[in-house]
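One structure below.
The values are calculated or read from the model by the stated rules, or taken from the named source; none is laboratory data. All values derive from a computational prediction rather than experimental measurement. Glycine gets a Cβ as well: all are built from the backbone with ideal geometry, and neighbour counts include every protein chain shown.
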């Protein structure tokens, strides 16, 4: 697979961002969490992992989430809420440095991350 052109990356980013905003109905803090998450993904990912098919399926999934408050909408809403709380807990974790608490915070989301990875693999999506 060849590297994507800069124009393809920009179009993918814009389509995903627009879809996320419509899926969360521009609510706060979900739109800011979605924006930050999308920025991180596009900044940190290797260009060779860019997959047009996964992005197209994810945009379609987000369109379904925006149309009605069904399973897709609740899934997107809960993914963003979990990410928001995770970032908030990370900032709070800097204050308390007890070794037991640090270990619990690091291992608490392993199962969640594995489940999300399996969902992405089975449906061909690129959710985070």
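Remark: pairs (first residue in segment 1-26, crowded, with 17+ Cβ neighbours inside 10 Å; second residue modelled with pLDDT under 90; Cβ separation under 8 Å; 6+ apart in sequence or on different chains) = 4/47; 4/50; 12/4; 12/50. Take residue 116 and tell me if it is surrounded by 10 or more Cβ atoms within 10 Å (Cβ to Cβ) and touching a residue at least 40 places away in the same chain (Cβ under 8 Å). No. Total residues in segment 27-46 satisfying the condition of being farther than 20 Å from residue 88 by Cα and either touching a residue at least 60 places away in the same chain (Cβ under 8 Å) or exposed (fewer than 14 other Cβ atoms within 10 Å of the Cβ) (or both): the figure is 4. Screening segment 70-113 for residues that are loosely packed, with under 10 Cβ neighbours inside 10 Å and assigned to a loop (DSSP other than H, G, I, E, B) and picking the one that is modelled with the highest pLDDT gives 98.
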